[in-house]
Amino acid sequence: MGRPLNPVLIAFAIAVLLFVVGELVSPGFAAYSQIINVLRVSSFLGIIAAGQTLVILSGGEGVDLSVGAIVTFGAIVASRVIDGQDAMVLWGLAQALAAGLALGAVNGILIAYLKVPPLIMTLGMASVVKGLSLVYTKGQPSGRAAPIMVRLVSQETVFGIPGILWIWLALMVALTFILRQTTFGRSLYAIGANRQAAYLSGVPVKRMVVAVYSLSGLLSALGGFFFLGYTQSVFLNLGDRYVLPSVAAVVVGGTSLAGGAGGYVGTVVGSIVLTVLQSVLVTLRMEEAGRQIVYGIVLLALLAAYGRQYRLRQ
Amino acid sequence: MPYLTMSGVRKRFGGVVALDGASFAAERGEVHALLGANGSGKSTLSKVLTGVVAPDEGRIEIDGQEVRIRGPQDTRKYRIAAVYQELSLIPQLTGMENILLAYEPANSLGFIDRKGLERAVLEVAARFEQALGRRIDLHRPVETLSPGDQQLIEAYKALARQPEILILDEATASLRQAEVEALFQVVRELRDKGALIIFISHRFQEVFALCDRATVLRNGQTVGTVDLAGVTEKDLVDMMVGRGAVSEVREAPTPPRDDVVLRVRGLCGPRLQGVSFELRAGEVLGLGGLQGQGQSELLRVLFGAEQASAGEIEVAGRRVVFRHPRDAVRHGLALVPGNRAREGLMLGRPILENLTIASMHRRRRGPGFLSARREKEAADGAVRSLGIKIGHLSGPASTLSGGNQQKIVVGKWLLNKPRIILMDDPTKGVDVGAKAELYRFIRELTQEGVSVILNSSENMELLGLSHRVLVMYEGAIADVLEGDDLNENRLVAAAMRVGRPA
């Protein structure tokens, strides 16, 4: 028995395979511009799933089901403040991020100090934030993205790559560095792998949990801000579609749901796999119902394959 | 022909021999004490009888028939029941529900005879009510009952089975005097009806009050069985330790310096009742006594992992209050916890991270950046100085042997240059070679002026390493042994409170 394959490599191979399948079914699917387009769509999921990665790595049955609602809320806030003016972009971004951070911090504080189970806490938070969105907009979201935000997502820069992809790449590099080369990252893996041992080694477990959920809120709002550049205007269920895919992207990227093992590069690849898969199914002209079923089966097959890997490792 | 005979019982747990050909024989109609020092095998022997532990070798006969006890079906068949110190109740269920849960006295069709069972439980409850002078409500969730009442519910559970053989393994630990007496009264009634009761307790007073005979175990072997009417506490201690046993020649440890590094006054908390002592620089202070007398809790409170309810702690002359282990770490304390896998290591993470986690803040730059090279140098240093045998620093800690894992736990603290190391049974499940290295290491540390508080369930280890031993009993310091008193007889006698009111 050799070394088990790295789940990130498996996911990467699957992404490539999906592009090949797409190209066979519909020539042009794997053209450079098409690949860039798929990556662009992946980037929103990837940024939102960044926070989810931190939450899942932190263990303690950690999961953040409020990401979708916070994505929407971030986009709503940004859209209303910015309202099509480039000059207001930074102010709008700051307000959206502050809102996301605050909502995430509430998640973290209740989970860490009042021991509310993460699943329940973030599910409840999702509902509360949806309510807040309604109150804030009175049911009628207003405003729109600024031109500079639209350009960031759609205008090509060097190598025909839009700005959003450079930002995503920077996020990947930064987050990977933080996970591997800082006390924060080491503490995060430690509390995910064994909270008791981490605590007895002097790691401030509760503060870490609060930080992780706060960051998840912040990154969700950031995702909402960028997604606004793609949709240009907001609607009240804008972020809903990202809740479960954000968890799936993390897991497909090889991060253990139990916490303490994995990383953000895996999530990036996982986000791409999920997006390409959707796109291949659309190219196959499959009905919505069929797409959903195949999507679910592929996810299950992938996770079963990983489970086997982990067993072999024992 | 005794009713119950166990002979040639052997059991190894990994490298540790728990039972080495132990034997036991007892009659119907007696209460028989099972005695022995820490690690003598008395709990293992009782668990062989309840099928919890499968012996490697050995023969059990009940009523002249050889039997095999593999699990609940067999204990039910031979009517063996046990009450342990650890509770096995489900907190949200009522007493009655908890008791019924444990039974499936099916009739021939496989139905549960709930009515008959409830009747048996109520009979037991009525007997206790009479003995105790009050009724324990069986229809309240057990979490709302006092610890003593919960323990009695455990006893109901065992007694409702109408056992022929009843094992009480430290079952009186959380009972008050009146409750103990009620339990004893019911047990005596059971004995008079012809049942055999096996009684394990660290309280000699109870042993003499309740039991007819006693069998003493030492190092997994049976020393002998005596009639309790004809022996003293002192005689029993001699049997437990070995008559006239002399401690191994101790390597004279470096005498500690005069400066007090830790002073504890009147410390109360979880299972602690007013602990006071001083620790000097370069001293190894042993924590002895029977296991579970508050030794682990004391270490955890000192380390800030549990909060004291009263008392003072001074480190290097300054009053401190530790709210989190981090505070203790900042003051130069370190804890090698009792359960390596659960509390000491992140088994799935690389060895390097396990070694550096407690000290990385000392090497960080700016807001928390770590240099891969410096982290690796630090980890390499610990690996070298402790002689840890590893494949690669990036391999998971789970791949190491028990001894090397324990060295990782010690090593992570060395990188922090601690002044006081708290060790909770550090050589449990560690092979002989690694043990010797850990001993050598403790001596080296003390030569450098580091102080160690060592809790150990192995008496010889405690006597061989410590300058002084605090003997703990039910959350308090019962005795302090030093100098010529550091021998096993004195240690065991102090642990069992011989010659003192319990």
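What to note about this one:
- Cα shape, segment A:172-249, gyration tensor, a/c 1.5 rule: prolate
- Computed from the C-beta positions of residue A:283 and residue A:154, the FRET efficiency with R₀ = 30 Å rounds to 0.90.
- The mean number of Cβ atoms from other chains found within 10 Å of a Cβ in peptide B:335-342 is 2, as a whole number.
- Note on segment A:1-79 and segment B:25-94: Cα centroid distance 56 Å, given to the nearest whole angstrom.
- Rg and Dmax of segment A:7-313, both derived from C-alpha coordinates alone, stand at 19.0, 58 Å.
- Potential lengthening between residue B:399 and residue B:61 on full extension [0.36 nm per residue; Cα-Cα distance subtracted]: 117.5 nm
- Of the chymotrypsin sites (Phe, Trp or Tyr not before Pro) found in segment A:224-256, those that fall in a DSSP loop while having at most 16 other beta-carbon atoms within 10 Å are A:235.
- Length gained when the stretch residue B:137-residue B:316 is fully extended (0.36 nm per residue, less Cα-Cα span): 59.3 nm
- Between residue B:232 and residue B:90, the modelled labels are 5.2 nm apart [label points 7 Å from Cα along Cα→Cβ].
- Take the Cα of residue B:129, step 7 Å toward its Cβ, do the same at residue B:417, and the gap between the two points is 6.9 nm.
- Take each peptide in A:87-94, A:37-44, A:134-141, A:190-197, count the other Cβ atoms within 10 Å of every residue, and average; sorted highest first, the result is A:190-197, A:37-44, A:87-94, A:134-141.
- Packing-based order for B:413-422, B:87-96, B:66-75, using average beta carbon neighbours within 10 Å, highest first: B:413-422, B:87-96, B:66-75
- Rounded to 0.05, the FRET efficiency of the residue B:447 and residue B:265 pair, given R0 = 35 Å and the Cβ-Cβ distance, is 0.75.
- Distance from the alpha carbon centroid of segment A:187-242 to that of segment B:436-502 works out to 49 angstrom.
- Shielding value for A:203-210 is 2, the average number of Cβ atoms from other chains within 10 Å of each residue's Cβ.
- 10 Å binning of all Cα-Cα separations within segment B:152-226, expressed as whole percents from 0 upward: 17, 53, 26, 4
- Association of chains A and B removes close to 2100 square angstrom of accessible area from solvent, both sides included, for a probe radius of 1.4 Å.
- For the pair residue A:91 and residue A:135 in one chain, pulling the backbone fully straight at 0.36 nm per residue adds 13.7 nm over the alpha carbon distance.
- Counting only Cα atoms, the size of the protein assembly as shown along its three principal axes is 99, 73, 53 Å, in decreasing order.
- Computed from the C-beta positions of residue A:297 and residue A:61, the FRET efficiency with R₀ = 35 Å rounds to 0.85.
- Inter-label distance, residue B:115 to residue A:16: 7.4 nm, where each label sits 7 Å from its Cα along the C-beta direction.
- Averaged over A:259-268, number of beta-carbon atoms from partner chains that fall within 10 Å: 1
- Cβ charges +1 (Lys, Arg) and -1 (Asp, Glu), total dipole of chain A, debye: 700
- Karplus (6.51, -1.76, 1.60) ³J(HN,Hα), θ = phi - 60°, over segment B:54-71, in Hz, Gly and Pro reported as x: 8, x, 6, 8, x, 10, 10, 10, 10, 6, x, 9, 6, 10, 10, 10, 10, x
- Here the Kirkwood formula puts the hydrodynamic radius of chain B at 24.9 Å, using every distinct Cα pair.
The values are calculated or read from the model by the stated rules, or taken from the named source; none is laboratory data. Predicted model only: the values in this text are computed from it and were never measured. All Cβ positions, even for glycine, are placed from backbone atoms using ideal geometry, and neighbour counts span all protein chains on display. Accessible surface is based on the protein model in full, side chains and every heavy atom, while ligands, DNA and RNA are left aside. Shrake-Rupley method; radii C 1.70, N 1.55, O 1.52, S 1.80 Å.
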